[in-house]
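Reading through the structure tokens given below for one structure.
The values are calculated or read from the model by the stated rules, or taken from the named source; none is laboratory data. As the structure is a prediction and not an experimental result, all values here were calculated from the model. A quick note on method: Cβ atoms are made from the backbone with ideal geometry, for glycine too, and the neighbour counts reach across all protein chains shown. With ligands, DNA and RNA removed, areas are computed over all heavy atoms of the protein, side chains included. Shrake-Rupley method; radii C 1.70, N 1.55, O 1.52, S 1.80 Å.
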Amino acid sequence: MKNTFMILWAPGPAWVPGKTVRELPYWAHHADFMDPLFANGTVVLGGPFADATGSLVVVEAENEQEVADLFARDPFVVHDIFALSLRKQWLLFLDARRKE
């Protein structure tokens, strides 16, 4: 059974202040990494905060180690654009996607 996790990313050492995420180095590589995860339903929601203070990703996975292993390969993580701020399993009580 899949569980829901949230990942909170903070700007890493290679984050370039004043740039949007799409202007940052390795953006195309990060997008190439994320697009299939979104297409297959692993990534449910994701995107940067409007004030450029980081990003939030909601993920469906078996366990937290799967999430950690997967996102360790994200080019934004590998190249220090993102730094992990928080990763937690989220027990959703209200989810409009799962209405009966």
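On the basis of the beta-carbon distance and an R0 of 30 Å, Leu91 and Val16 show a calculated FRET efficiency of 0.25.
Helical runs (DSSP H, four residues minimum) scored at -39500 (n - 2.57) apiece and divided by the length of the chain put the mean residue ellipticity at 222 nm at -7000 deg cm²/dmol. The Cβ shell under 14 Å around Phe76 holds other residues with a net charge of -2, Lys and Arg each +1, Asp and Glu each -1. Which FRET efficiency value, to the nearest 0.05, do you get for Asp32 and Ala52 by plugging their Cβ-Cβ distance into 1/(1 + (r/R0)^6) with R0 = 22 Å? Computed FRET efficiency for Asp32 and Ala52: 0.50. Within straight-line reach of Lys2, meaning a Cα separation under 19 Å, sit the following lysines at least 8 residues removed in sequence or on another chain: Lys88, Lys99. When only the Cβ of Lys, Arg, Asp and Glu is charged (+1, +1, -1, -1), the dipole of the chain relative to its Cα centre reaches about 220 debye. Couplings for segment 79-85, taken from phi via the Karplus curve 6.51 cos²θ - 1.76 cosθ + 1.60 with θ = phi - 60°, read 9, 6, 6, 9, 10, 4, 9 Hz in order; Gly and Pro are left as x.
Placing unit charges on each Cβ (+1 for Lys and Arg, -1 for Asp and Glu) gives the chain a dipole about its Cα centre, and among Leu94, Ala68, Thr42 the Cα reaching farthest toward its positive end belongs to Leu94.
The stretch between Asn40 and Ala83 holds 13.0 nm of extra length on full extension. This uses 0.36 nm per residue minus the Cα-Cα distance.
When Cα extents along the principal axes in Å is computed from the coordinates, the matching label among (1) 39, 25, 22; (2) 64, 41, 20; (3) 44, 26, 23 is (3). Put simply, the amide H of Val44, placed in the peptide plane, has neighbours under 5 Å in Val58, Val59, Glu60, leaving out anything fewer than 5 places away on its chain. In terms of the mean number of neighbouring beta-carbon atoms within 10 Å, the peptides 73-80, 40-47 order highest first as 73-80, 40-47. Once C-alpha pairs closer than 8 Å and six or more residues apart are averaged by separation and normalised to the residue number of segment 45-100, the relative contact order reads 19 percent. Normalised per residue, the accessible area of the chain is 64 Å², obtained with a 1.4 Å probe and no contribution from ligands, DNA or RNA.
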